[in-house]
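Trainee: Pasting a structure below so you can have a look.
FYI, it's all coordinate maths here, none of it is from the lab. On a predicted model such as this, the values are computed, not experimentally measured, just so you know. Note: ideal-geometry Cβ built from the backbone for every residue, glycine included; neighbour counts use all protein chains shown.
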Amino acid sequence: MSEPRDSLLKVRDLRIGATVYPPGEKPHEIEIVHGVSFDLEPGRVLGLIGESGAGKSTIGLASMAYGRGGVKITGGEVRVNGRDILKTSLSDLRRLRGGEVTYVSQSAAASFNPAKPIMEQVTEAAVRHGKFTRKQAEDRAVGLFRKLGLPNPETIGKRYPHQVSGGQLQRCMTALALCPEPDLVVFDEPTTALDVTTQIDVLMAIKEAIRDTGVAAIYITHDLAVVAQVSDDIMVLKLGDMVEYGTTDQIINNPQEEYTQALVSVRSIRHEEKQPTDTPLLQVENVTARYKGTKFDVLKDVNVELHPGQTLAVVGESGSGKSTLARVITGLLPPGAGRIVFDGHELTPDLATRPRDDLRELQMIYQMADVAMNPRQTVGTIIGRPLEFYFGLRGAEKRRRVQELLDEIEMGEGFIDRYPAELSGGQKQRVCIARALAAKPKLIICDEVTSALDPLVADGILKLLLNLQKIEDVAYLFITHDLATVRAIADSIAVMYQGQVVRYGTKSEVLSPPFDDYTDLLLSSVPEMRLGWLEDVIASRRMESAGN
Amino acid sequence: MTKNIPIAAAIGLFFTALYFLMAILAPWIAPYGMAEVVGGVWEPPSAEHLIGTDNIGRDLLTRMIYGGRTTIFIATAATVLSFTTGSVLGFLAAVMGGWVDQVMSRFVDLLMSIPSLIFALVVLSVMPVTVPVLIVVMGLLDSTRVYRLARAVAVDINVMDYVEAAKLRGEGRIWIIFREILPNALSPLVAEMGLRFIFMVLFVSTLSFLGLGVQPPAADWGGIVKENKDGIVYGIGAALWPAVAIATLAISVNLVADWVLNRTTSLKGGRG
């Protein structure tokens with residue numbers, strides 16, 4: 001096999017170990033990356049993709065010879081510009097990091113120093129490494145700000161991190177990484193924490209900046225549709241092993257391995273929309289709400305309906321009031337005006353005054369299954385408590401019913417005495433579903449239940465929810481920012497923007513033109529699993545704005 | 001569960017157990033009667049009196065054993081009292097919030113702004129100094145510290161989704177406090193307990209040393225220091241024995257508390 005001589009980054013048989021601390025056992029070493037090899041040439045972009053625990057970030061950081069706490073590079077070699085950086089001296093590493101290789105992390109908000117203006121931080125590495133004088137670095141930074149499409153590129157550097165939005169800060173961080181003219185930039189999930197409508201701008205900015213500056217990049221993400229837009233090659237990872245490595249075109253259009261095929265075809269659930277019935281189960285009428293001590297209405301005159309056994313999806317960006325709507329319906333936040341009619345009668349505004357049957361029939365599932373379950377209770381207690389509380393089941397009878405519920409969520413035997421920490425992310429969410437089901441509810445509010453999960457696991461949860469809807473005839477109020485999820489499971493959709501419902505109707509109505517501006521923006525921002533999607537969207541948006 | 005105890009914890013456990021056993025079994029293991037005068041003043045260690053005699057000729061080892069019994073009993077009882085009141089009130093304040101929390105927290109701030117030793121001296125100077133009064137005064141004064149910690153920990157836990165889920169289910173305050181919050185607040189509280197116990201030992205010893213604690217002829221470690229402190233001038237070390245006892249007890253209890261803290265945080269799903 002001939003190796004290209006001009007390889008910028010050459011990784012051979014990279015092995016990485018970590019210390020684990022299992023409960024009740026002695027800490028010991030395990031291997032988390034098992035011999036990964038790849039090459040990266042100047043100007044190319046390699047996408048690393050995989051679910052959590054696949055070792056993506058670990059490999060990304062290893063290309064700057066860095067291991068997070070407890071992580072050690074145990075074998076193999078990493079060559080940057082021909083020299084083995086695993087064997088080099090600390091002072092040489094200092095020149096490498098932030099000079100030749102730079103890093104863009106997932107959360108810009110957590111990575112910037114809030115006490116210093118942005119410009120100082122963007123130029124720091126370049127000045128410290130002696131690549132530019134302060135003046136040169138600042139000029140270069142302004143140029144980068146402009147290239148990344150930041151507003152007021154001349155003055156934005158004077159602002160502090162909290163004075164710009166999340167998407168802008170993420171672009172500032174890209175400028176920070178590009179400022180010292182590095183040879184390689186590692187992007188670690190740079191758009192994952194952003195809203196879809198913001199993500200597309202940042203993605204385009206990053207892509208153009210990479211193309212214009214000619215750096216090489218490693219782009220880490222769990223979203224195949226995103227990585228397909230920016231990278232030339234893709235490496236699929238699973239549990240520290242390389243599954244497939246090829247050009248983006250080959251991975252997306254002709255995946256060889258079963259695992260890659262599953263990743264590509266994720267979110268392919270289809271669900272036939274049901275027609276509204278005569279009597280809605282839940283009616284939210286003219287609801288307006290604000291949080292205590294504020295003067296700002298988070299919900300403004302919201303009207304939606306949900307029919308028995310159907311799914312209403314509430315979509316919108318963060319801050320649009322989706323979760324507040326759930327808090328109002330559950331009674332955690334009494335509304336300022338309007339009323340909520342549930343199953344033929346009006347619900348009292350405050351949770352504390354609701355009869356037990358109302359509480360039972362309206363259950364909730366949370367985004368973070370980790371914190372939705374008491375870590376000191378076993379699965380049996382968690383699912384068993386609603387049975388005991390609402391139906392007075394005890395002892396063997398309760399245990400039998402818990403096992404039935406576990407079977408229903410496709411988990412089976414052997415989980416009843418486990419603690420939440422002994423479950424995987426998907427299993428945790430399943431237990432939360434079982435806890436909601438245990439109350440025999442008529443309505444379950446699902447607040448971003450799949451957002452924290454890996455795509456394949458999320459797919460499994462959605463299938464389970466659809467299945468359970470058929471068996472138990474339960475209605476879902478499904479809060480999400482992910483339109484692909486909405487397409488998969490909704491019967492009707494409410495699009496929320498700044499506390500108002502801007503579009504509401506059955507799925508087919510909402511998802512077919514003519515669109516209002518916001519829904520159009522939202523729909524067109526969802527990454528599609530095809531090459532060139534990003535360019536198409538940006539081009540059509542530019543045409544529209546030119547037409548106006 | 002107890003198979004791999006670290007060496008430090010084992011040492012701590014050994015001495016703590018030794019002191020507590022000595023306290024419980026005092027009447028059976030003490031060589032002489034508690035207030036019995038059996039020899040001369042400040043006799044040096046001998047076969048009859050293993051660590052000598054005290055300022056009026058009582059057997060010092062006997063005094064130490066009985067003194068430990070009093071000190072450890074008072075400190076334990078006061079710790080239990082301060083933990084029950086402090087944590088229950090702290091949890092309640094966190095769960096109820098609003099003005100209940102405000103009133104209780106400001107009242108505790110008020111109590112804490114007065115140095116507890118001075119406060120205890122004032123209270124004890126107007127009340128009869130008996131063991132139950134001592135326990136109540138020390139326990140309640142110390143419960144302000146426990147309240148602070150318990151409330152801070154509970155406020156954190158109270159915003160967790162699982163507590164919200166319990167509220168949505170319609171659970172009452174008792175369930176939320178004892179089944180959702182308490183198990184998750186236990187490890188910081190247990191660690192604090194070891195520390196507070198030692199403060200109690202020091203507190204009661206200080207009070208006795210100042211003459212407002214355990215009253216003679218009953219023995220306690222602070223009192224023994226007080227009775228024998230004049231001997232130090234003449235090179236007689238009788239007052240040092242209780243000091244050594246207090247120090248070793250403090251260290252060993254903390255070694256145990258550290259170990260318990262480590263163990264509970266590394267439990268399945270433990271909070272770090």
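Trainee: Taking amide H atoms as placed 1.01 Å from N in the peptide plane, list the residues 5 or more away in sequence, or in a different chain, whose amide H sits under 5 Å from that of A:A313.
Mentor: So A:A313 has HN proximity to A:F478, A:D491, A:S492, A:I493, A:A494.
Trainee: Shifting gears a bit: Suppose R0 equals 25 Å. What FRET efficiency, 1/(1 + (r/R0)^6) with r the Cβ-Cβ distance, do B:F178 and A:D357 give to the nearest 0.05?
Mentor: The pair B:F178/A:D357 has a calculated efficiency of 0.45.
Trainee: Do any trypsin sites (Lys or Arg not before Pro) in the range A:506-548 lie in a DSSP loop with no more than 16 other beta carbon atoms within 10 Å, and if so, which?
Mentor: A:R530
Trainee: Please give the FRET efficiency for A:Y160 paired with B:L240, using the beta carbon to beta carbon distance and R0 = 56 Å, rounded to the nearest 0.05.
Mentor: My answer for the efficiency is 0.40.
Trainee: On to the next question. Starting from the amide H of A:G75, placed 1.01 Å from N in the peptide plane, find each other amide H under 5 Å away whose residue is 5 or more places distant or on another chain.
Mentor: Here the answer is A:R15, since their amide H atoms fall under 5 Å of that of A:G75.
Trainee: Still on this structure: How many nm separate the modelled label positions at B:V159 and B:V37, each set 7 Å beyond the Cα in the direction of the Cβ?
Mentor: 6.7 nm
Trainee: A follow-up question, please. Label-point separation (nm) for A:D278 and B:S125, each offset 7 Å from Cα along Cα-to-Cβ?
Mentor: In this crude label model, A:D278 to B:S125 measures out at 8.5 nm.
Trainee: Quick one: net charge around A:V196, please, counting Lys, Arg +1 and Asp, Glu -1 for every other residue with C-beta under 9 Å from its C-beta.
Mentor: That sum, taken over residues with Cβ under 9 Å, equals -3.
Trainee: Per residue of the range A:193-201, what does 6.51 cos²θ - 1.76 cosθ + 1.60 with θ = phi - 60° give for ³J(HN,Hα)? Whole Hz please, x for Gly and Pro, Karplus curve as stated.
Mentor: 7, 9, 5, 4, 5, 7, 3, 5, 5
Trainee: Right, next: Quick one: which residues, 5+ away or cross-chain, put their amide H under 5 Å from the amide H of A:E244? H built at 1.01 Å from N.
Mentor: Under 5 Å from the amide H of A:E244: A:V236.
Trainee: Related question: When the helices in chain A are scored as -39500 (n - 2.57) per DSSP H run of 4 or longer and the sum is shared across all residues, what 222 nm value do you end up with, to the nearest 500 deg cm²/dmol?
Mentor: -11000 deg cm²/dmol
Trainee: Okay, next question. Is the C-alpha gyration tensor of the range A:1-144 telling us rounded, prolate or oblate? Criteria: a/c under 1.5 is rounded; beyond that, a/b larger than b/c is prolate, otherwise oblate.
Mentor: Here the range A:1-144 falls in the oblate category.
Trainee: Using the Karplus equation 6.51 cos²θ - 1.76 cosθ + 1.60 (θ = phi - 60°), what ³J(HN,Hα) coupling, rounded to whole Hz, does each residue of the range A:377-382 give in order, writing x for Gly and Pro?
Mentor: 10, 7, 3, x, 5, 4
Trainee: Taking Cα centroids, how far is the range A:63-83 from the range B:12-60 in Å?
Mentor: 65 Å
Trainee: Something else about it: What are the ³J(HN,Hα) couplings of the range A:242-254, residue after residue, when phi is run through the Karplus curve with 6.51, -1.76, 1.60 and θ = phi - 60°? Round to Hz, x for glycine and proline.
Mentor: 7, 9, 8, 9, x, 6, 4, 4, 5, 5, 6, 9, 8
Trainee: Now, a different point. Just report the Cα centroid separation between the range B:194-225 and the range A:328-379, whole Å.
Mentor: 53 Å
Trainee: Here's something else I'd like to know. Please tell me the relative contact order of chain B in percent, rounded to the nearest whole number, where contacts are Cα pairs under 8 Å and at least six residues apart.
Mentor: 25 percent
Trainee: Note the angle between two axes, namely the Cα long axis of helix B:7-24 and the longest principal axis of the Cα atoms of chain B, as a number of degrees from 0 to 90, rounded to the nearest 10.
Mentor: So the inclination is approximately 60 degrees.
Trainee: Considering only the other residues whose Cβ falls under 10 Å of the Cβ of A:A125, what net charge follows from Lys and Arg at +1 and Asp and Glu at -1?
Mentor: +2
Trainee: With labels modelled as points extended 7 Å from the Cα through the Cβ direction, what inter-label distance (nm, one decimal) is found for A:R339 paired with A:I30?
Mentor: 5.6 nm
Trainee: Let me know the shape class of the range A:135-219, please: from the alpha-carbon gyration tensor, a ≥ b ≥ c as square roots of the eigenvalues, rounded when a/c is under 1.5, otherwise prolate if a/b is greater than b/c, or oblate.
Mentor: Verdict is oblate for the range A:135-219.
Trainee: Please identify, among B:I174, B:I11, B:I224, the residue showing maximal mean-square fluctuation in a Gaussian network model of chain B using a 10 angstrom Cα cutoff.
Mentor: Sorting by GNM fluctuation, first place goes to B:I174.
Trainee: Angle between the Cα long axis of helix A:134-147 and the longest principal axis of chain A, 0 to 90 degrees, nearest 10?
Mentor: Tilt relative to chain A: about 50 degrees.
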